[in-house]
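Heads up: the structure comes next, in structure tokens.
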Amino acid sequence: MRILYIDLDTCRPDHLGCYGYHRNTSPNIDWIASEGVRFNNCYVSDAPCLPSRAALMTGRFGIHTGIVDHAWDTAEPFPEGHARGFASRYATSNWTFQFKQAGFRCTSISAFINRHSAWWFGANFDEIIDTGHRGGETADQVSPVALEWLRRNAQKDNWFLHVQFWDPHTTYRTPESFGNPFADEPLPAWLTEAVRSEHYKSFGPESAQDTPEFQELVRGSNPHPYARFPRQPFRMDSMENVRKMFDGYDTGVRFADLHIGRVLDELRAQGVLDDTAIIFTSDHGENLGEANGYMTHMTADAATVRVPMIVRWPGVTRPRQHDGLVYSIDVTATVTGVLGREPSPYWDSRPFVEEFRRNHEWGREYLVSSNIAGVCQRTVRFGPYFYIRTYHDGFGAIPDVQLFDVASDFHQTRDLAPTRPDLVGQAAHYLTEWEAEMMRTATYPADPLWTLVNAGGAEHVRGYLPLYCRYLRSTGRAGAAEYLEKKHPARKTSHASMPDPF
């Protein structure tokens, strides 16, 4: 048995051909989908990068691991205290341990560990090959490492290979020599000039007028570090830059797909493709204009927490679509269950092994996803509805409660919360039920969401308010500055190291 796990960072399912996208971004990923199960409603429990992969490896939600942000103490696992013993509980409950116990040799080709100082991610891997650019690498720097590994190991039995590609993640850095395969193709129809113009008048870090230039002003970067990336737009001050955003993102997907194809071709050349299980997924998606978020994954909007999930398992799966509501960690737990492994008692994930083997539909009644690394939000997906509860707005124009029908309005253009209090109440009940159960089963008596809310927000926005309000006034949005200062009266102090370019 051989298992290839393809991890394409920041990949939205609706920007892949196999999920119905009108641009030809993903012919090789589409081939995998044509031979396997395509999960249409797969969500990460926690976003973005670090919390998502913490959930992946531990099988536990961020409210249980403590890893919900990219910095400070909420980027580290909760201390285990006296329960730890000689080794951490994660040494024998993480996902890779399941493969080890099933007799697999495990390898990761990724820069993730060093990008985020996520040392726990390496637990139980036999071999870790760091591609060396802390997430700034392009697919042509990753695939040669994977191909060389396959030439040495593909024909061996019982290996698990994790290969991570980063290309859709900002900054958009596909080599210029690749060209723009989408230069003459239409944009997604929903983001019109009228939508762009309304977004541009509004506010919020990483909104239409404030991304990513504001973030670099905050960091005091001069010259602007994105200047050397011609595919990367700055402000959404024109539809030309909206096109640049979509083309830059989609070209990153297409470039990664090309190199995923080369990995598949090597498996064919080695004569083992027909016997290799392939899992394709992502750590999170990306807001590309949704909710006035541009090239960002710092919210729990549907565009960020919904991910592609495709499993091609020779002898088990048949080509089909799966519509049930599932977490990505439910799928990974199911995969190890197919190998005969029992779920860890620490897992929040649920394996659905028999349903998977029989190609039956399965899923949960509702899903709760969290993003506490920018805007502090929890969301509930139930039926066709998507409820968003915002605890800290990240200094953006975000209501505390929102509700959308994502089956018909995936881009979240029509907030149903004011007119459907019945559905808002149902979603709030689900969220309260979930939070109570999570704290009842917690091994550390704290909800990290409130740690961050009470500290003034996540690391990406904490301390920014005075500078941001001066920035808003300098760009003619004094009303937005006054609104934020009134809403967040206690947040008037910047970090001492933060520059003031105004």
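Identify, by number, the condition in (1) buried (at least 17 other Cβ atoms within 10 Å of the Cβ); (2) more than 23 Å from the chain's Cα centre (by Cα); (3) closer than 23 Å to Val242 by Cβ; (4) of a type outside the set (Ser, Thr, Tyr) that Trp149 doesn't meet.
Unmet for Trp149, out of (1) buried (at least 17 other Cβ atoms within 10 Å of the Cβ); (2) more than 23 Å from the chain's Cα centre (by Cα); (3) closer than 23 Å to Val242 by Cβ; (4) of a type outside the set (Ser, Thr, Tyr): (3).
Hey, among the residues in the range 241-261 that are more than 21 Å from the chain's Cα centre (by Cα) and of a type in the set (A, V, I, L, M), which one's farthest from Pro308 (Cα to Cα)?
Of everything passing the filter in the range 241-261, Val242 is farthest from Pro308 (Cα to Cα).
Can you pull out the residues in the range 22-40 that are in contact with an Asp or Glu (Cβ under 6 Å, 6 or more places away or on another chain) and either surrounded by fewer than 24 Cβ atoms within 10 Å (Cβ to Cβ) or not in a helix (DSSP H, G or I) (or both)?
Initially, the range 22-40 is screened for residues in contact with an Asp or Glu (Cβ under 6 Å, 6 or more places away or on another chain), giving 23, 25-26, 28-29, 40.
Matches in the range 22-40: Arg23, Thr25, Ser26, Asn28, Asn40.
Sort out which residues of the range 73-99 are crowded, with 19+ Cβ neighbours inside 10 Å, part of a helix (DSSP H, G or I) and of a type outside the set (A, V, I, L, M, F, W, C), and write them in order of number.
Result: Thr74, Tyr90, Thr96, Gln98.
Residue by residue, here is whether (1) in contact with a Pro (Cβ under 7 Å, 6 or more places away or on another chain); (2) modelled with pLDDT of 85 or more; (3) assigned to a loop (DSSP other than H, G, I, E, B); (4) closer than 21 Å to Gly374 by Cβ holds:
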position: Arg196; (1), (2), (3), (4): no, yes, no, no
position: Phe203; (1), (2), (3), (4): no, yes, yes, yes
position: Asn222; (1), (2), (3), (4): no, no, yes, no
position: Ala227; (1), (2), (3), (4): no, no, no, no
position: Arg231; (1), (2), (3), (4): no, yes, yes, no
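Can you tell me which of Leu423, Leu403 is buried (at least 17 other Cβ atoms within 10 Å of the Cβ), out of contact with any helix residue (DSSP H, G or I) (no Cβ under 6 Å at 6 or more places or on another chain) and farther than 18 Å from Val326 by Cα? Give the steps one after another, and end with the answer.
Details: Leu403 fails: out of contact with any helix residue (DSSP H, G or I) (no Cβ under 6 Å at 6 or more places or on another chain).
Exactly one of Leu423, Leu403 is buried (at least 17 other Cβ atoms within 10 Å of the Cβ), out of contact with any helix residue (DSSP H, G or I) (no Cβ under 6 Å at 6 or more places or on another chain) and farther than 18 Å from Val326 by Cα, namely Leu423.
State which residue is surrounded by the most Cβ atoms within 10 Å (Cβ to Cβ) when the search covers only the range 108-144 and only residues that are more than 18 Å from Thr170 (Cα to Cα) and of a type in the set (Phe, Trp, Tyr).
Phe121
Quick one: count up the residues across the range 247-287 that are aromatic (Phe, Trp, Tyr) and in contact with a helix residue (DSSP H, G or I) (Cβ under 6 Å, 6 or more places away or on another chain). Break it down into steps so the answer makes sense when it comes.
First, pick out the residues of the range 247-287 that are aromatic (Phe, Trp, Tyr): 249, 255, 280.
Next cut, in contact with a helix residue (DSSP H, G or I) (Cβ under 6 Å, 6 or more places away or on another chain) only: 255, 280.
Count: 2.
If you scan the range 273-305, which residues turn out to be under 21 Å from Trp95 (Cα atoms) and either of a type outside the set (Gly, Ala, Ser) or at pLDDT below 95 (or both)? Outline the logic, then answer.
Going through the range 273-305, the residues under 21 Å from Trp95 (Cα atoms) turn out to be 276-284, 305.
Answer for the range 273-305, where residues must be under 21 Å from Trp95 (Cα atoms) and either of a type outside the set (Gly, Ala, Ser) or at pLDDT below 95 (or both): Thr276, Ile278, Ile279, Phe280, Thr281, Asp283, His284, Val305.
I need the full set of residues from the range 79-109 which are modelled with pLDDT under 95 and either within 19 Å of Met439 (Cβ to Cβ) or touching a His at 6+ places or on another chain (Cβ under 9 Å) (or both), in order please.
Pro79, Glu80, Gly81, Ala83, Arg89
From the list Val453, Val461, which residue is assigned to a loop (DSSP other than H, G, I, E, B) and not small (Gly, Ala, Ser)?
Details: Val453 fails: assigned to a loop (DSSP other than H, G, I, E, B).
When all the criteria are applied, what remains is Val461.
Listed here are the residues, each with its yes/no results for (1) within 17 Å of Trp31 (Cβ to Cβ); (2) polar (S, T, N, Q); (3) modelled with pLDDT of 95 or more.
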{"residue": "Glu266", "(1), (2), (3)": "yes, no, yes"}
{"residue": "Arg312", "(1), (2), (3)": "yes, no, yes"}
{"residue": "Gln321", "(1), (2), (3)": "yes, yes, yes"}
{"residue": "Val326", "(1), (2), (3)": "no, no, yes"}
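Tally up the residues in the range 317-343 that are within 20 Å of the chain's Cα centre (by Cα), in contact (Cβ under 8 Å) with a residue 60 or more places away in the chain and under 18 Å from Phe61 (Cα atoms), please.
So the count comes out to 8.
Restricted to the range 152-183, and to residues that are closer than 25 Å to Leu288 by Cβ and of a type in the set (S, T, N, Q), which residue is surrounded by the most Cβ atoms within 10 Å (Cβ to Cβ)?
If we take residues in the range 152-183 being closer than 25 Å to Leu288 by Cβ and of a type in the set (S, T, N, Q), then Thr174 is surrounded by the most Cβ atoms within 10 Å (Cβ to Cβ).
State whether one or more residues within the range 441-458 are under 28 Å from Lys487 (Cα atoms), among the aromatic types (Phe, Trp, Tyr) and surrounded by 14 or more Cβ atoms within 10 Å (Cβ to Cβ). Can you show your working first?
From the range 441-458, those under 28 Å from Lys487 (Cα atoms) are 446-458; that's our starting set.
Imposing the further condition that a residue be among the aromatic types (Phe, Trp, Tyr) reduces the set to 450.
Applying the additional criterion that residues be surrounded by 14 or more Cβ atoms within 10 Å (Cβ to Cβ) yields none.
No, because not a single residue in the range 441-458 is under 28 Å from Lys487 (Cα atoms), among the aromatic types (Phe, Trp, Tyr) and surrounded by 14 or more Cβ atoms within 10 Å (Cβ to Cβ).
From the residues in the range 233-265 that are of a type in the set (Lys, Arg) and part of a helix (DSSP H, G or I), which one is farthest from Trp149 (Cα to Cα)? Working first, answer last.
At the first step, the residues of the range 233-265 found to be of a type in the set (Lys, Arg) are 235, 243-244, 254, 262.
From the residues that got through so far, the ones that are part of a helix (DSSP H, G or I) too are 243-244, 254, 262.
Values: Arg243: 38, Lys244: 35, Arg254: 23, Arg262: 13 Å.
Residue satisfying both the conditions and the ranking: Arg243.
Out of (1) under 24 Å from Asp73 (Cβ atoms); (2) over 26 Å from the mean Cα position of the chain (by Cα), what's the single condition that is false for Ala442?
The failed condition is (2).
Find all pairs meeting these conditions: Cβ atoms under 6 angstrom apart; at least six residues apart or on different chains; first residue within the range 1-24 and within 13 Å of Ser282 (Cα to Cα) and among the charged types (D, E, K, R); second residue assigned to a strand (DSSP E or B) and at pLDDT 95 or above.
What qualifies is Asp7/Gln164.
Give all pairs with beta carbons closer than 7 Å in which a residue from the range 119-135 that is closer than 15 Å to His70 by Cβ and in contact (Cβ under 8 Å) with a residue 24 or more places away in the chain meets a residue that is surrounded by 18 or more Cβ atoms within 10 Å (Cβ to Cβ) and of a type in the set (Val, Ile, Thr); count only pairs at least 6 apart in sequence or on separate chains.
These pairs meet every condition: Phe121/Ile113.
The values are calculated or read from the model by the stated rules, or taken from the named source; none is laboratory data. Note that the structure is predicted; figures quoted are calculated from it, not measured. Don't worry about glycine lacking a Cβ; one is built from the backbone with ideal geometry, like all the others, and counts go over all protein chains shown.
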